[in-house]
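The values are calculated or read from the model by the stated rules, or taken from the named source; none is laboratory data. None of the values given here were measured: they were computed from a predicted structure. When we count neighbours, we look across all protein chains shown, and the Cβ atoms used for this are built from the backbone with ideal geometry, even at glycine.
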Amino acid sequence: MKFRRSLLLCATAAVAFAGLHSPLMAQQRLRVAGNFPADHTASKVMEIFKKEVETRTQGELQIDLFPNMQLGGAAENVDQVRSGTVFAIVTSIAYFTRIVPEYEAVSLPFLFSSREAAFRVMDGPVGRLFDERMAQKGFVSLGYGELGFRHVTNSVRPITSVADFKGLKIRLQPNEVHLDTFRALGANPVAMDVKEVYSAMQQGVLDGHENPYNIIASRRFNEVQKHLSDTGHFYDFINAAANKRLFDRLKKPHQEAVMAGMKEAMAWQRVEAAKQDEGWRQQLVKSGMTFTPITPQGRAEFRRATTSVVDSLKKRIDAKLIDTVVTEAAK
């Protein structure tokens, strides 16, 4: 009897010891936050990233997703990644411009004529410089995707000329170049997190805002806005960024899986976002928004009115970087 009891105890201990080294116990969980609606391509990026990383690491890394502002607004998510309570975020680069002001160089008004020109700049030496600046601030850049050309909506009047902007209270992202641009156009710009924008426009605190078609539609801003114009005044990027301290603690193969997984996800997103762009605009028109296209003369007037923004930015960041961006964008 004593022999059988000893044998049973040994077997139990062996099972417990094996459990300590099972794949389940070896798993590491990483939290990834985002501020985009569930049906947005940026949220799909998170899903693809999760699948790719978990597959590439054979489940050793498990990715927990929190899209659609589940952990707060974009600014809060950036702070969470900075502190390490969240591993990574997928958001607009605008929410990193106060951490890395150099990002404002690719936020200049009417800088890019096409998405191809925008990514030629971001995928080259300029983008690598941004990544270095992010690392110096405690972040690892995982990749860039398309948020898209931004367009103005409002509930007061159609936008066709600079005069139409006069006095309009327009929400913008917390990006100084964006704010300076709308001041130059004669509007009253207001920096505000996207989570507050719908109610602010609904209550008349704001006259309007600006966003890519996909955000206007997926956030249902058309429900509280009447007029839409294809101003295309900025081209905006989404970026994925991780806490550098947490990233550096990962095993080398896991770091490679994270980078490769996001590269795969962003490659898909760029193609899909471009495909969907016109469909989002048509959806907004069908929903009842009045669409007023900008004429070439109107766009030229906008450009002239905002030329001072470049000079203003050169007082805050390296003028050579700005000149490089402008030159590369024009190629």
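Each row is one residue, and each column tells you yes or no for (1) in a loop (DSSP other than H, G, I, E, B); (2) touching a residue at least 24 places away in the same chain (Cβ under 8 Å); (3) acidic (Asp, Glu).
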position	(1), (2), (3)
Ala242	no, yes, no
Leu246	no, yes, no
Asp277	no, yes, yes
Gln282	no, no, no
Qualifying positions in the range 297-315 - of a type in the set (Lys, Arg), closer than 16 Å to Val106 by Cα and surrounded by 13 or more Cβ atoms within 10 Å (Cβ to Cβ): Lys314
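Could you check, for the range 91-109, whether at least one of its residues is over 15 Å from Ile317 (Cα atoms), hydroxyl-bearing (Ser, Thr, Tyr) and in contact with a Pro (Cβ under 9 Å, 6 or more places away or on another chain)? Steps first, answer last, please.
Restricting attention to the range 91-109, the residues satisfying the condition of being over 15 Å from Ile317 (Cα atoms) are 91-95, 109.
Add one more test, that the residue is hydroxyl-bearing (Ser, Thr, Tyr), and what stays is 91-92, 95.
Next, only the ones that are in contact with a Pro (Cβ under 9 Å, 6 or more places away or on another chain) stay: 95.
Yes.
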Residue in the range 53-62 that is part of a helix (DSSP H, G or I), of a type outside the set (D, E, K, R) and either touching a Leu at 6+ places or on another chain (Cβ under 8 Å) or in contact (Cβ under 8 Å) with a residue 40 or more places away in the chain (or both) present: yes
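If only one of Thr41, Thr91 is within 23 Å of Val194 (Cα to Cα), modelled with pLDDT of 95 or more and touching an Asp or Glu at 6+ places or on another chain (Cβ under 7 Å), which one is it?
On the way: Thr91 fails: touching an Asp or Glu at 6+ places or on another chain (Cβ under 7 Å).
Step by step, each of Thr41, Thr91 is checked, and only Thr41 is within 23 Å of Val194 (Cα to Cα), modelled with pLDDT of 95 or more and touching an Asp or Glu at 6+ places or on another chain (Cβ under 7 Å).
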Hits in the range 36-64 (condition: surrounded by fewer than 22 Cβ atoms within 10 Å (Cβ to Cβ) and under 23 Å from Ala217 (Cα atoms)): Pro37, Ala38, Asp39, Ser43, Lys44, Glu47, Ile48
Qualifying position, being at pLDDT 95 or above, touching a helix residue (DSSP H, G or I) at 6+ places or on another chain (Cβ under 8 Å), buried (at least 17 other Cβ atoms within 10 Å of the Cβ) and hydrophobic (A, V, I, L, M, F, W, C), among Leu168, Leu147, Leu179: Leu147
Hits in the range 176-193 (condition: in contact with a strand residue (DSSP E or B) (Cβ under 8 Å, 6 or more places away or on another chain), closer than 17 Å to Ala75 by Cβ and not in a strand (DSSP E or B)): His178, Leu179, Met192
Residue within the range 209-221 that is charged (D, E, K, R), surrounded by fewer than 23 Cβ atoms within 10 Å (Cβ to Cβ) and touching a residue at least 60 places away in the same chain (Cβ under 8 Å) present: yes
Qualifying position, being within 17 Å of the chain's Cα centre (by Cα) and surrounded by 17 or more Cβ atoms within 10 Å (Cβ to Cβ), among Ala241, Ala267, Ala257: Ala241
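If you go through the range 98-111 one residue at a time, do you hit one that is at pLDDT below 95, under 19 Å from Met192 (Cβ atoms) and not hydrophobic (A, V, I, L, M, F, W, C)? Write out each step before concluding.
Quick first cut of the range 98-111, residues at pLDDT below 95 only: 98.
After this cut, where a residue has to be under 19 Å from Met192 (Cβ atoms) as well, the list is 98.
So of that shortlist, the ones also not hydrophobic (A, V, I, L, M, F, W, C) come out as 98.
For the range 98-111, residues at pLDDT below 95, under 19 Å from Met192 (Cβ atoms) and not hydrophobic (A, V, I, L, M, F, W, C): present.
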Considering residues of the range 93-131 that are surrounded by fewer than 23 Cβ atoms within 10 Å (Cβ to Cβ) and polar (S, T, N, Q) only, the residue farthest from Lys44 (Cα to Cα): Ser113
Output for the range 132-144, where each listed residue is surrounded by fewer than 20 Cβ atoms within 10 Å (Cβ to Cβ), touching a residue at least 24 places away in the same chain (Cβ under 8 Å) and not aliphatic (A, V, I, L, M): Arg133, Lys137, Gly138
